[in-house]
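Accompanying notes for the structure given below.
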Amino acid sequence: MKVTKRPISKLSQIDFTDLKFGKHYTDHMLVKTYKDKAWGDSAIVPYEDFLISPANITLHYGQSIFEGMKAFRGVDGIVRLFRPEKNIARLNRSAERMAIPEMPDEEKTLKELIELVTMDQDFTPGHMGSSLYIRPFIFAMDPALGVKISDTYCYMVIMTPVDAYYGKNLQTLSIYATKQFTRAALGGTGHVKAAANYAQSLYAAKKAQEKGYKQIMWLDYLEHKYVDEVGTMNMMFVINDTLITPTLDQGTILAGITRESVLHIARDLGWKVEERRISLEEIITASKNGTLQDCFGTGTAATIAPVGRIGYDDGEDIIINNDTVGPYAKIIYDELLGIQYGKIEDRFGWTVEIKK
Ligand code: COI
């Protein structure tokens, strides 16, 4: 792969005690273009702005997908990627749904990404909760105003040192279950990481924030009864010692890699796990009768995000664990981050070590 190095590193300009999500970027990025019905060669180049046609089709019609993965600096100083092959596979699934050409060789795609991470690994912060967030994305490049599938694309990978999305420490957040808006419907794009899913969520999230909540909890499109997911994460509830999470089979929920990892850990710990539809009504009832033991979100950016308060249209807020971090969220947080930071044995073979 062709590599062009940035002459002077930006590393010393970064204040690692103040890592706002997406504020700083590493020295390099990976770029590959698609034209004449084929992906070209990848190149690593200095991270910088680039020119785009005002008629670029992504700007107008949003034919764009992305991924989010992380590398963690372990307690032993070693940088490790977490299940990166899962992200590459999901990128290709998103590509198919959005009529974007898939990356033909997932192994090669991963190898190239690892080369980028290896080069810029010094940007990986070292404190608990922090990581190097890696954003692969593909967008249409045709300068064309007709609504059509683009003939040209750009694949890029950029990287940013971050703290957890919802704050440095494990703390609770509030969410609002909306009946007014819908995130995804049957046959739509809810199960893939299309940029458009996020664009349409912003107004609803703003409305939730105006009511004093951090994020929106989406309910199903048909009856506004069952939980789908929260803006940036999948949802988990613990009722009567059972971990319950919305099932993926409606095709309206993103198949989160953290979600899958948490379910795997929970089953390994011997917890009872149910992937099924869960209604807001069931959560309200469990809260009233004292069987709602925990509630948390899972996501690459969010990691494990305990939820302390759920608002909804026609009743009093549900308060979980007195708005403090719940016991199940804490166990999962310790297990997952333990593996990610090399504190406990990687018994599932999820991490990929980056060579120094
Ligand atoms: C991630 O968790 O990586 C996401 O994609 C959420 C992001 C939109 C902040």
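The values are calculated or read from the model by the stated rules, or taken from the named source; none is laboratory data. Not measured: the values here are computed from a predicted model. So basically every Cβ, Gly included, is an ideal-geometry build from the backbone, and we count neighbours across all protein chains shown. In case anyone asks, the SASA skips ligands and DNA or RNA and just uses the protein heavy atoms, side chains included. Shrake-Rupley method; radii C 1.70, N 1.55, O 1.52, S 1.80 Å.
Sort through 229, 210 and tell me the only one that's more than 15 Å from the ligand (Cβ to nearest atom) and at pLDDT 95 or above.
On inspection, the qualifying residue turns out to be 210.
Conditions (1) within 16 Å of the ligand (Cβ to nearest atom); (2) under 30 Å from residue 253 (Cα atoms); (3) open to solvent by 30 Å² or more (accessible area, probe 1.4 Å); (4) out of contact with any Lys or Arg (no Cβ under 9 Å at 6 or more places or on another chain), marked per residue:
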site: 37; (1), (2), (3), (4): no, no, yes, yes
site: 43; (1), (2), (3), (4): no, no, no, no
site: 70; (1), (2), (3), (4): yes, yes, no, yes
site: 96; (1), (2), (3), (4): no, yes, yes, yes
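Hey, could you check segment 251-267 for residues that are more than 21 Å from residue 331 (Cα to Cα) and open to solvent by 10 Å² or more (accessible area, probe 1.4 Å) and say which is farthest from the ligand (Cβ to nearest atom)?
Filtering first and then ranking leaves 251.
So, restricting to strands (runs of 3 or more DSSP E) that lie completely within segment 204-250, which ones have at least 1 residues that are open to solvent by 60 Å² or more (accessible area, probe 1.4 Å)?
Here the list is empty.
Count, please, the residues in segment 335-356 that happen to be touching a strand residue (DSSP E or B) at 6+ places or on another chain (Cβ under 9 Å) and part of a helix (DSSP H, G or I).
Qualifying residue count, segment 335-356: 4.
So if I check each of 66, 82, which one is out of contact with any His (no Cβ under 9 Å at 6 or more places or on another chain), open to solvent by 20 Å² or more (accessible area, probe 1.4 Å) and within 16 Å of the ligand (Cβ to nearest atom)?
66
Residue-wise test of (1) open to solvent by 40 Å² or more (accessible area, probe 1.4 Å); (2) more than 16 Å from the chain's Cα centre (by Cα); (3) touching a residue at least 40 places away in the same chain (Cβ under 8 Å).
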{"position": "145", "(1), (2), (3)": "yes, yes, yes"}
{"position": "149", "(1), (2), (3)": "yes, yes, yes"}
{"position": "154", "(1), (2), (3)": "no, yes, yes"}
{"position": "158", "(1), (2), (3)": "no, no, yes"}
{"position": "182", "(1), (2), (3)": "yes, yes, yes"}
{"position": "188", "(1), (2), (3)": "no, yes, yes"}
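List the number of the failed condition for residue 25; all other conditions in (1) in a loop (DSSP other than H, G, I, E, B); (2) away from the ligand (no atom under 16 Å from the Cβ) hold.
The one condition residue 25 does not meet is (2).
Are there any pairs, at least 6 apart or on different chains, whose C-beta atoms fall under 9 Å, with the first in segment 287-305 and not assigned by TED's automatic domain parsing to the domain that holds residue 133 and the second within 16 Å of the ligand (Cβ to nearest atom) and basic (Lys, Arg), and if so, which?
Matching pairs, first to second residue: 298/259; 299/259; 300/70; 301/70; 303/70.
So, of the residues in segment 268-291 that are open to solvent by 20 Å² or more (accessible area, probe 1.4 Å) and within 16 Å of residue 246 (Cα to Cα), which turns out to be nearest to the ligand (Cβ to nearest atom)?
Here the answer is 275.
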